Structures are given as structure tokens and as C-alpha cells.
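As C-alpha cells, the structure follows; a few thoughts come after it.
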Amino acid sequence: MDRAALSQRNAFSQRVRCGFDQGAAAYDDHARLQRAVAWRLAHQVRALALPPGPMADLGAGTGLVGRSLAQQGWPQRLRQVDASAALLARNPLSESHGSLLWDLNQGLPDGLAGAALLSSSFALQWLDDPLLQLERWCQGLMVGGWLVLAVPTARSFPEWRTAASYAGVPCSGLPLPAARALESVARRDLRLERCDRLRFSLPCPDGGTFLGQLKAIGAGTSPTAPLGPMQLRRLLQHWPATGTVTWEVLLLSGQRAP
């Protein structure tokens with residue numbers, strides 16, 4: 001990669017981190033879907049026969065997955081890994097389970113080599129190259145170790161794409177990875193136990209409310225240039241009056257094959 005491209009990637013990663021730092025105080029109040037999916041992931045983890053070894057939640061944020069596990073009676077320690085110091089400061093598991101301030105664009109930290117469990121929810125899509133990092137996560141597991149993952153996919157937010165098309169403006173949201181590509185990468189190293197694409201329709205009165213909710217939790221960052229005021233006005237005027245916003249979330253769990 002040339003210096004200009006590397007600098008651009010580093011700048012985007014920094015903007016992502018700053019966005020979540022700024023939205024940390026509001027994250028738990030607004031991240032309703034993230035909380036619900038974290039509960040589902042925790043339920044999957046509880047059913048696994050895990051080998052002894054390091055366990056971590058990648059992109060743990062305020063600890064939604066680990067807190068869900070604790071509420072479901074799971075006794076293990078799950079290290080909390082995130083690039084946002086502000087989110088980890090609001091994570092009640094940071095002290096008791098251990099936390100690590102780490103940019104996952106750099107791959108896995110040394111202490112997680114040969115992990116028995118890696119979980120991650122709503123984090124992979126923020127990395128510069130989600131497919132490359134997913135491959136590293138799979139290969140970072142010990143043989144018999146497990147990956148349990150949730151990530152929003154490219155088929156999320158059709159309302160946004162429709163509005164942008166009718167308004168004649170770019171769709172300026174974060175480009176999300178395709179579910180099929182993620183599944184293909186995971187199958188190279190894992191025996192998949194679960195691979196489901198779930199669709200959620202969340203109530204939302206209009207596009208302005210939805211975009212405001214993303215910004216409130218720090219999830220409004222995109223490598224695409226932001227719309228100008230006139231473009232944004234046209235986008236919101238053409239937003240479908242469905243009263244909902246649709247997410248597609250890939251839930252995947254798999255065990256590292258010999």
C-alpha cells in the first residue's frame with residue numbers, strides 16, 4: 001500500500017475512534033439493536049464447549065456481550081478489547097475482566113494468539129478491511145477454538161439507498177461488507193455451526209431521526225464525503241415513509257478446524 005492510501009486509512013480509523021469517543025455517553029441509551037443482538041450472541045456462547053485458553057470480545061465497547069453473558073450466568077472472564085478509551089471507560093467489565101486499548105486494524109494483539117474464544121458484535125464493519133481482519137481472527141484461534149460474530153451487512157438500510165437514488169445524491173453511509181463474502185472467508189478455517197442472516201425492522205419516523213441516532217452513538221462516520229446541505233435536504237425529502245429502518249445482521253459461529 002502506498003503512503004497516501006495508508007494515510008487515508010489511518011485518518012479514517014482516527015475519525016471512527018473519535019466518533020465513538022464522542023458518542024460514548026449516549027451509546028447504551030440508543031444502541032437498542034446492538035443490545036438485543038449481544039444477548040443472542042451471549043446465548044450462543046453459553047452453549048459452547050470451550051477449550052482452555054484466552055477469551056476476548058473484540059470491539060467490546062461498553063461491554064454489551066460480556067454483560068449479557070454475566071446476566072445469563074456465564075462465569076468466565078472475557079477480555080474487553082476496543083480502540084475507544086471513552087467506551088472502555090464506561091464498560092463495567094474493564095476492571096474485573098481486563099481491558100485492552102487496541103486498534104483491531106493492526107490484527108489481534110499478541111496476548112490473544114491461540115484464543116479459545118473470540119466474540120465480536122457490531123465492530124468488524126468499522127475496520128479498514130473487514131475480510132482481511134476476519135481471516136486473521138479465524139486463524140488466530142487455537143484448533144478447537146470458537147469465533148462468535150455479529151456484523152451488519154451490505155443489505156442493511158435499503159431505505160437510505162432508495163432515498164439517495166430518487167434524490168440523485170450519493171449514499172454516504174459506511175460501506176458494509178457482504179454477508180456472502182464474510183461467510184466465504186470464515187469457511188476457509190472454521191467449521192460453521194451457525195450462519196444466519198437476520199433482518200430487523202426498527203421503528204423510525206424519518207431519515208433525519210435515523211441519521212441522528214447513528215450520530216448520537218458515534219456511528220455516523222463514513223469514508224464517503226458527507227452530503228452538502230442541499231443534498232441532505234433532498235435525501236430526507238425522498239426518504240421512504242415506511243416508519244421503519246431495516247438492518248440485515250449476519251450471525252455466525254464456527255470452530256477452528258484442524
TODO: Provide, in order from the shortest bin, the percent of all Cα-Cα pairs of the range 34-77 in each 5 Å bin, continuing until the bin that contains the maximum pair distance.
DONE: 5, 24, 35, 26, 9, 2
Task: Net charge of neighbours whose Cβ lies under 14 Å from the Cβ of THR244, counting Lys and Arg as +1 and Asp and Glu as -1 - done: -1
- [ ] Using amide H atoms built 1.01 Å from N in the peptide plane, name the residues 5+ places from VAL81, or on other chains, whose amide H lies under 5 Å from its own.
- [x] ASP57, GLY59, ALA60, LEU100
- [ ] Calculate the tail of P(r) for the range 20-170: the fraction of all Cα-Cα distances greater than 29 Å, expressed in %.
- [x] 17
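Per residue and in cubic angstrom, what volume does the convex hull of the Cα atoms of the range 142-215 have?
Each residue corresponds to 123 Å³ of Cα convex hull volume.
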- [ ] Just the number, please: carbon plus sulfur as a percent of the accessible area of the range 72-205, 1.4 Å probe, no ligands or DNA/RNA counted.
- [x] 49
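Kirkwood-based Rg over Rh for the range 77-118 (C-alpha set), two decimals?
0.96
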- [ ] Quick one: angle between helix 130-140 and the longest Cα principal axis of the chain, in degrees between 0 and 90, rounded to 10, please.
- [x] 10
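Please give me the summed charge of the neighbours of PHE20: other residues whose Cβ is under 13 Å from its Cβ, Lys and Arg +1, Asp and Glu -1.
Values: positive: ARG15, ARG17, ARG90, LYS215; negative: ASP21, ASP28, ASP82, ASP103.
In short, 0.
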Open item on the list: Which one, CYS138, ALA56, SER99, is farthest towards the positive end of the dipole of the chain when Lys and Arg carry +1 and Asp and Glu -1 on their Cβ?
Closed with: CYS138
Task: Solvent-free Debye scattering, log10 I(q)/I(0), computed from the Cα coordinates of the range 193-253 at q = 0.13, 0.28, 0.30 Å⁻¹ - done: -0.47, -1.21, -1.23
- [ ] Mind putting a number on the dipole of the range 1-138 about its Cα centre? Charges go on the C-beta only, +1 for Lys and Arg and -1 for Asp and Glu, and I need it in Debye to the nearest 20.
- [x] 320
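Mean residue ellipticity at 222 nm from the helices of the chain, using -39,500 (n - 2.57) per DSSP H segment of n ≥ 4 over the full residue count, to the nearest 500 deg cm²/dmol?
It lands at -13000 deg cm²/dmol.
Excluding ALA216 itself, calculate the net charge of residues whose Cβ lies under 13 Å from the Cβ of ALA216, where each Lys or Arg counts +1 and each Asp or Glu counts -1.
Net local charge, ALA216 excluded: 0.
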TODO: Over the chain, average the accessible area per residue using a 1.4 Å probe and give it in Å², no decimals.
DONE: 47
Task: Value of relative contact order over the range 104-143, rounded to a whole percent, pairs C-alpha under 8 Å and six or more apart - done: 60
Task: Over the range 93-144: Kirkwood hydrodynamic radius from C-alpha pairwise inverse distances, Å - done: 11.9
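Under a point-charge model restricted to the Cβ atoms of Lys and Arg (+1) and Asp and Glu (-1), what is the dipole moment magnitude of the chain relative to its Cα centre, in debye to the nearest 20?
My answer is approximately 380 debye.
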Task: Between helix 3-30 and the chain: long-axis angle, C-alpha atoms, 0 to 90°, nearest 10 - done: 90
Open item on the list: To test your reading of the geometry: what angle, between 0 and 90 degrees and rounded to tens, separates the Cα axis of helix 32-46 from the longest principal axis of the chain?
Closed with: 20
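The values are calculated or read from the model by the stated rules, or taken from the named source; none is laboratory data. As the structure is a computational prediction, the values presented were derived from the model and not from experiment. When we count neighbours, we look across all protein chains shown, and the Cβ atoms used for this are built from the backbone with ideal geometry, even at glycine. These area figures cover heavy atoms from the full protein model, side chains too; ligands, DNA and RNA do not enter into them. Shrake-Rupley method; radii C 1.70, N 1.55, O 1.52, S 1.80 Å.
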